[in-house]
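A.B. asks: Sending over a structure as structure tokens; questions will come in a sec.
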Amino acid sequence: MFQQLKDSLNNEKEQEKQNSPKKIDIAYRTTTHKTTIHSVNKYKPETVAFLCCKPSAIPSAETHHHSTLNTVITAGFLPLPLPGNNLNRARRLHLSSQPNMAGERRVLTVGGKGASLSPASVFEFSIASPPQLLKTDPSAVARLCSSTSNDKDKQNSASAPSRLELSVPDFLTPEEARASILLLYKHLVGGLSSSSSAASKLLDILNNDTQTRTIELDLDPNEDINMLRSSWPVITLIGICALLDHTTSSLATVADAVAALSCEALKADTSTAFNFTDSGDGFSDKDITCVSSDLKVLLNGSKLCGNLRCDQVDNIPTVHGRLRSVSKSVHSSTRNALNSTLLVDGSVSEDLTTILSSLAHALKNLGKSSWQRANLCLKGLEKDNLFPTLVDSFNAGCPGLDKLKDSIKAAVIFELEEKYVQSLHEIYILAQAVRKILSWEATVSFISLEGIVNGKEDIINGGNVKPDKKKDKKRKVMGKGTTVLMQFIKDKLESVTSNVTDSSTLLEKVVQGFLSFLDFKDPDFESLLQKVKEVVDSNESRRLPKLPKGTRDFAKEQMAVRERAFTIIGNVFKRHGAMALDTPVFELRETLTGKYGEDSKLIYDLADQGGEICSLRYDLTVPFARYVAMKGLTSFRRYQIAKVYRRDNPSKGRYREFYQCDFDIAGDETVAADFEAVRILVELLDELNIGDYEIKLNHRKLLDGMLEICGVPSHKMRTICSSIDKLDKQSFDQIKKEMIEEKGLDAETVDKIGKYVCLKDHPLKLLSELKKEGSVFLENDSSNQALKDLERLFECLDKRCVEKVVLDLSLARGLDYYTGVIYEAISKGVTQVGSVGAGGRYDNLIGMFGTKRVAAVGVSLGIERVFTIMEDLQKAGSQVVRGSETQVLVSVLGDDVALASKLVQLCWDANVNAEFMAHKRLNKHFDHAKEFGIPWMVIVGEREINDGIVKIKNKEAKVEQEVAMNGFVDELVRLMNTN
């Protein structure tokens, strides 16, 4: 059947050997209405037209240009009825399948599993000029071909097609309308309708870029027209969402770069404003931190950032970070809406509008902040009588704050009236207004910076003030990132300013250039976007590294606080006869497993390196028990201050890597060891001066007895203790649900537990209540023994300790190895960090390592949380903590390092903490001494060298004395001891 055609094709192929063939999928219809896919090389449009005919209808070569094609499916395009000049239509479809050369229209594929839409592709299709061409996935083509075939089989019996008329709201922008029609087409070919005629109509509108406000579609009479009609507003809504998604993500990137230029133009103080870092405690806002990091990269090395402090600069990380955060939520919802099955109920519109409402407020705040910075820059130019016409242009062309408020107000009103399409349209208009404001901020900042950097208050000699050569002798240096952006912008503006000589016209051209340059529809905008991303991600000025979640750095003053705390803790431990011990940071996994109950899931396991299987230590108690067992010790008092690791969820005061400070007594079964451990905990917290606290105390045997009394099976006691241990973080109702649904207790037993775990009071008072005649606790052997132990413990503790203790029957301490008294210290001051210390008796842990049983008791201080409290107390009390213990700065005015080193060595020989510095500027020496809190200075200048003397100075003590260079150290030490 195809032999004649193949011969013709072969002849043409020989004539086109010079070109690389491109495969095109051709679907043709047979007389049996079967769709066949045929792959051929690139041929002339006339030949393609033949292939699109029914095989039985292939015309002769003389008459092929008069033939009527039944359907055309070229390069995956939807089958189209081709009345009239079929050859031209075939040529148009054929050309659209060619490679995208310069000046040719791009192609967008819809339909099918592999052709999902993204907000970026919808945006690009909606604003492209010339408009992109649509290509339909072959699977969608095949479905519609099959539907068309079935329709023809029934055409004698079927009624006339139904007409669906859809109105495109007249308030929509052209790109909003085009995006909506694109999504309608996508859903039609995706299964919303089986009408190839309706799809063909939409394809013609989109491919010809027809501006229409009414869409008339012929549908199968069996189709649900009302459902299709009700889906149109939802589709329109999703189309606007896609445009907003892409617009705001682009704004978020460009806004950072523009803000960086403004900071330099304003000479703003960015050292504090952008000092957001991820603290690792789970409370840091990642988006705010990322904005700060990006701005630091852009401004890295800048000498223009000065001392100006203003809200418009300080709030940049917060405002921009919030936009990023909301944009991510919008992107996730929009992406799902674009490619999921269309739902026509009102919940979709309401949900999307609610999400976009948050975006509207984030956009309004961005626009407000940008407008205020631009206005500040303008005031600076106006003050210096520079570019007076720019102020007028700004007031006339830049959307004002009232415009932002009006858009927000309109969007909210339409949302309340459930006019969701209008509401989202207003938000899109708001986004366009914010874009214009950012363009003006960039314009004003650029003009201002051109004068600052180049030492002249003009753009290509466009200003009114002559340059001050003395003032501009030293060239101002911009940040590495902003320098690249400035040059990039200059290169782009060159095309609009190169032939302009008149200053007033030049200024107008620069403004127009920026408004065009920052227009998302402008081809140059994408290059700007990529340049900003390139700068931020560049190797030269790469993003500052970040800490792993749940960790923190200690530096300067923080280290001073930590070392002071460690000194206090070590002294307390040594006071009680403890000896220092250090153990490996990782242990064999078998050493740690089975010791921590449900908390074992928090152990950090190390990767198997082909040897022993290890884990990072979870605490210091199990390694201590392993050490005692290995050495065969029966009595040992030890302390250890070291880091431990837990795969926990970080929060304020809760980290994944942190120090523990442990004191343990092995080999003492008496209550004396329990008493001493509690006493040490009280001493530690009092001497660290962390404020108010309480020590919750319980006995593991009292807890076990209570559970026996309530009817808890013995095999469930440990897991129920883990649930009870959560009562300081969750309500009893939550714990009750866990114990019933997850751990299999009946409601009656749980209610009995609830009656006892709420008991909490002064230790002597509650102990008296529990020991009353007839008490169920006296009838249980385990709880009765615990009450006796507690009575002896409270007799040993003095009043100071007893007043800090609270007997609390809800305290469980989830670790499996506890066997006796347990306790936990809770901070009750302004800084709420939870537990700051804990401990208890563990008589069986050492014996678990296969040796004889050795009783032990210990206490552990969570020093990281103590640090948090101490730091907050310092800030509240405005306490000054020196990060350095240097007492003397030896200052040589000049570059004589040899002299400076000689003098400082004399200080070191006398055990004086000293630093040295050689610099010609005296202010540098004073600044260094002030920064590090160095009280004493030994100053040696040219006069002092000539006279053989040094000047000893202490500003705070108001001491200034000149002494002979030989033997100056003795006088220095004397002055230090007397002042």
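The values are calculated or read from the model by the stated rules, or taken from the named source; none is laboratory data. Bear in mind the structure is a predicted one, so any value in this text is a computation, not a measurement. All Cβ positions, glycine included, derive from the backbone under ideal geometry; neighbour counts span all protein chains shown. Each accessible area value is taken on the protein alone, full model and side chains, heavy atoms only, with ligands, DNA and RNA left out. Shrake-Rupley method; radii C 1.70, N 1.55, O 1.52, S 1.80 Å.
A.B. asks: Mind checking which residues of region 171-194 are part of a loop (DSSP other than H, G, I, E, B) and either open to solvent by less than 10 Å² (accessible area, probe 1.4 Å) or charged (D, E, K, R) (or both)?
C.D. replies: L172, S193
A.B. asks: I've got another one for you. I'm trying to understand the selection: among the residues of region 663-675, which are outside any helix (DSSP H, G or I) and surrounded by fewer than 23 Cβ atoms within 10 Å (Cβ to Cβ)? Give the derivation first.
C.D. replies: Taking region 663-675 first, the residues outside any helix (DSSP H, G or I) are 663-670.
Selection gives G667, D668, E669, T670.
A.B. asks: Still on this model: Report yes if some residue within region 664-680 is among the polar types (S, T, N, Q), over 24 Å from Y596 (Cα atoms) and at pLDDT 90 or above; otherwise report no. Can you show your working first?
C.D. replies: Start the filter on region 664-680 by keeping residues that are among the polar types (S, T, N, Q), which leaves 670.
Checking the rest, the ones that are also over 24 Å from Y596 (Cα atoms) come to 670.
Those left that are additionally at pLDDT 90 or above: 670.
Yes: one or more hits.
Matching residues to (1) in contact with a helix residue (DSSP H, G or I) (Cβ under 6 Å, 6 or more places away or on another chain); (2) modelled with pLDDT under 85; (3) assigned to a helix (DSSP H, G or I); (4) buried (at least 16 other Cβ atoms within 10 Å of the Cβ):
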{"site": "T341", "(1), (2), (3), (4)": "no, yes, no, no"}
{"site": "D351", "(1), (2), (3), (4)": "no, yes, yes, no"}
{"site": "A362", "(1), (2), (3), (4)": "yes, no, yes, yes"}
{"site": "N375", "(1), (2), (3), (4)": "no, no, yes, yes"}
{"site": "K379", "(1), (2), (3), (4)": "no, no, yes, no"}
{"site": "N385", "(1), (2), (3), (4)": "no, yes, no, no"}
{"site": "A396", "(1), (2), (3), (4)": "no, no, yes, no"}
{"site": "P399", "(1), (2), (3), (4)": "yes, no, no, yes"}
{"site": "Q422", "(1), (2), (3), (4)": "yes, no, yes, yes"}
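A.B. asks: Return the residue satisfying two criteria in turn: it lies in region 696-731 and is assigned to a loop (DSSP other than H, G, I, E, B) and out of contact with any helix residue (DSSP H, G or I) (no Cβ under 7 Å at 6 or more places or on another chain), and of such residues it is modelled with the highest pLDDT.
C.D. replies: Here is the first cut: in region 696-731, the residues assigned to a loop (DSSP other than H, G, I, E, B) are 711-713, 729-731.
Okay, now just the ones that are also out of contact with any helix residue (DSSP H, G or I) (no Cβ under 7 Å at 6 or more places or on another chain), so 713, 729-731.
On the way: P713: 87, K729: 75, Q730: 81, S731: 83.
This residue is P713.
A.B. asks: Another question about this same structure. For region 693-715, which residues satisfy the criterion of being basic (K, R) and farther than 17 Å from K788 by Cβ? Full working, then the answer.
C.D. replies: Step one: of region 693-715, the residues basic (K, R) are 696, 700-701.
Once the filter is applied, which keeps residues that are basic (K, R) and farther than 17 Å from K788 by Cβ, region 693-715 yields only K696.
A.B. asks: F916: under 20 Å from V973 (Cβ atoms), under 44 Å from the mean Cα position of the chain (by Cα) and aromatic (F, W, Y), yes or no? Even if it seems obvious, please write down each step before you answer.
C.D. replies: Working: under 20 Å from V973 (Cβ atoms): yes; under 44 Å from the mean Cα position of the chain (by Cα): yes; aromatic (F, W, Y): yes.
Judged against the criteria, F916 is a match.
A.B. asks: For region 612-662, name all the residues that are part of a loop (DSSP other than H, G, I, E, B), within 23 Å of R853 (Cα to Cα) and basic (K, R). Full working, then the answer.
C.D. replies: Taking region 612-662 first, the residues part of a loop (DSSP other than H, G, I, E, B) are 612-613, 617-620, 632-635, 646-650, 652-653, 655-656.
In the following step, the residues that additionally are within 23 Å of R853 (Cα to Cα) were identified as 617-620, 632-635.
Once the filter is applied, which keeps residues that are part of a loop (DSSP other than H, G, I, E, B), within 23 Å of R853 (Cα to Cα) and basic (K, R), region 612-662 yields only R617.
A.B. asks: Got a sec? Which of S407, S358, S332 is modelled with pLDDT of 90 or more, closer than 19 Å to L244 by Cβ, surrounded by fewer than 18 Cβ atoms within 10 Å (Cβ to Cβ) and within 30 Å of the chain's Cα centre (by Cα)?
C.D. replies: Numbers: S407 fails: surrounded by fewer than 18 Cβ atoms within 10 Å (Cβ to Cβ); S332 fails: modelled with pLDDT of 90 or more.
Sole residue among the options that is modelled with pLDDT of 90 or more, closer than 19 Å to L244 by Cβ, surrounded by fewer than 18 Cβ atoms within 10 Å (Cβ to Cβ) and within 30 Å of the chain's Cα centre (by Cα): S358.
A.B. asks: What is the residue count in region 583-611 for residues that are open to solvent by 10 Å² or more (accessible area, probe 1.4 Å) and not in a loop (DSSP other than H, G, I, E, B)?
C.D. replies: Residues in region 583-611 being open to solvent by 10 Å² or more (accessible area, probe 1.4 Å) and not in a loop (DSSP other than H, G, I, E, B): 13 in total.
A.B. asks: For region 815-823, indicate whether the set of residues that are closer than 22 Å to F663 by Cβ, open to solvent by less than 10 Å² (accessible area, probe 1.4 Å), modelled with pLDDT of 90 or more and among the aliphatic types (A, V, I, L, M) is non-empty.
C.D. replies: Yes, the conditions are met somewhere in region 815-823.
A.B. asks: Residues to consider are C305, C290; find the one that is buried (at least 20 other Cβ atoms within 10 Å of the Cβ), assigned to a helix (DSSP H, G or I) and modelled with pLDDT of 80 or more. It would help to see each step written out before you state the result.
C.D. replies: On the way: C305 fails: assigned to a helix (DSSP H, G or I).
Matching residue, one of C305, C290: C290.
A.B. asks: Moving on. Scan region 370-402 for residues that are aliphatic (A, V, I, L, M) and in contact (Cβ under 8 Å) with a residue 60 or more places away in the chain and jot them down. Steps first, please.
C.D. replies: Taking region 370-402 as the starting set, the residues that turn out to be aliphatic (A, V, I, L, M) are 374, 376, 378, 381, 386, 390-391, 396, 401.
If the condition is that a residue be aliphatic (A, V, I, L, M) and in contact (Cβ under 8 Å) with a residue 60 or more places away in the chain, then A374, L376, L378, L381, L386, L390 are the ones that fit.
A.B. asks: Checking the structure you have, find out if any residue of region 859-881 is of a type in the set (A, V, I, L, M, F, W, C), modelled with pLDDT of 90 or more and part of a helix (DSSP H, G or I).
C.D. replies: no
A.B. asks: Okay, moving on. Any residue at all in region 842-855 that's at positive phi and in contact (Cβ under 8 Å) with a residue 12 or more places away in the chain? Full working, then the answer.
C.D. replies: Residues of region 842-855 at positive phi: 850.
Subsequent filtering for residues that are in contact (Cβ under 8 Å) with a residue 12 or more places away in the chain retains 850.
Taking every residue of region 842-855 in turn, at least one turns out to be at positive phi and in contact (Cβ under 8 Å) with a residue 12 or more places away in the chain.
A.B. asks: Let me ask you something else. Only one of (1) over 19 Å from A177 (Cβ atoms); (2) free of Cβ contacts under 8 Å to residues at least 24 places away in the same chain fails for F414. Which number is that?
C.D. replies: (1)
A.B. asks: List pairs: first residue in region 219-243 and without any contact (Cβ under 8 Å) to a residue 60 or more places away in the chain, second residue among the charged types (D, E, K, R) anywhere in the structure, Cβ distance under 8 angstrom, at least six positions apart or on different chains.
C.D. replies: That search, which allows pairs on different chains as well, returns L219/R163.
A.B. asks: Name the single residue that is modelled with the lowest pLDDT among those in region 131-148 being open to solvent by 30 Å² or more (accessible area, probe 1.4 Å) and more than 38 Å from the chain's Cα centre (by Cα).
C.D. replies: S146
Every residue, every condition in (1) open to solvent by 10 Å² or more (accessible area, probe 1.4 Å); (2) at pLDDT below 80; (3) β-branched (V, I, T), yes or no:
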| residue | (1), (2), (3) |
| --- | --- |
| A158 | yes, yes, no |
| L202 | no, no, no |
| I215 | no, no, yes |
| N222 | yes, yes, no |
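A.B. asks: Does L903 count as touching a Gly at 6+ places or on another chain (Cβ under 9 Å), surrounded by 14 or more Cβ atoms within 10 Å (Cβ to Cβ) and not in a loop (DSSP other than H, G, I, E, B)? Step through it out loud before you land on a result.
C.D. replies: Working: touching a Gly at 6+ places or on another chain (Cβ under 9 Å): no; surrounded by 14 or more Cβ atoms within 10 Å (Cβ to Cβ): yes; not in a loop (DSSP other than H, G, I, E, B): yes.
In short, no.
A.B. asks: If you don't mind, another one. Name the residues in region 621-662 that are open to solvent by 10 Å² or more (accessible area, probe 1.4 Å), closer than 21 Å to V572 by Cβ and of a type in the set (K, R), would you?
C.D. replies: Across region 621-662, the qualifying residues are R637, K643.
A.B. asks: Residues of region 841-863 being in contact with a Cys (Cβ under 9 Å, 6 or more places away or on another chain) and open to solvent by 10 Å² or more (accessible area, probe 1.4 Å), which ones?
C.D. replies: Those that are in contact with a Cys (Cβ under 9 Å, 6 or more places away or on another chain) and open to solvent by 10 Å² or more (accessible area, probe 1.4 Å): S860, G862.
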